[in-house]
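The values are calculated or read from the model by the stated rules, or taken from the named source; none is laboratory data. Only a predicted model underlies this, so the values are computations on that prediction, with no experimental measurement involved. Cβ placement follows ideal geometry from the backbone for every residue including glycine, while neighbour counts extend to all protein chains displayed. Please note that ligands, DNA and RNA were not included when accessible areas were found on the heavy atoms of the full protein model with its side chains. Shrake-Rupley method; radii C 1.70, N 1.55, O 1.52, S 1.80 Å.
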Amino acid sequence: MLKILRQINEAGGLTHYVGGFVRDSCLGRWSKDIDIVVVGLSLEKLKEILGVEPVGESFPVFKLENNIEVALARTERKSGTGHNGFVCQTEN
């Protein structure tokens with residue numbers, strides 16, 4: 001994982017741990033997965049670095065080995081009712 005984070009950084013991206021991984025770490029708990037958000041890279045550059053295709057309809061997520069998920073930073077805007085009524089946009 002450190003190799004991937006280093007490659008993202010060398011390409012001009014910034015990485016941040018997010019989600020349940022951060023919560024669990026703060027509470028001193030073991031986390032079953034690691035969520036990472038990337039700022040400052042295009043989707044194409046992230047694909048090149050990670051070497052896998054993203055999944056997800058609303059926004060792309062890269063699922064790596066060892067339960068690591070990487071996604072581009074995004075904004076969400078409410079566009080309808082319920083849990084699915086959102087429009088997601090990445091900065092690139």
* Structure fact -> With every protein chain kept in place and a 1.4 Å probe, the residues Thr15, Thr81 fall, from largest accessible area down, as Thr81, Thr15
* Please list the radius of gyration and Dmax for the range 1-62, considering alpha-carbon atoms only, with Å as the unit. => 12.7, 36
* Loop sites in the range 1-33: chymotrypsin sites (Phe, Trp or Tyr not before Pro), DSSP, at most 16 other Cβ within 10 Å -> Trp30
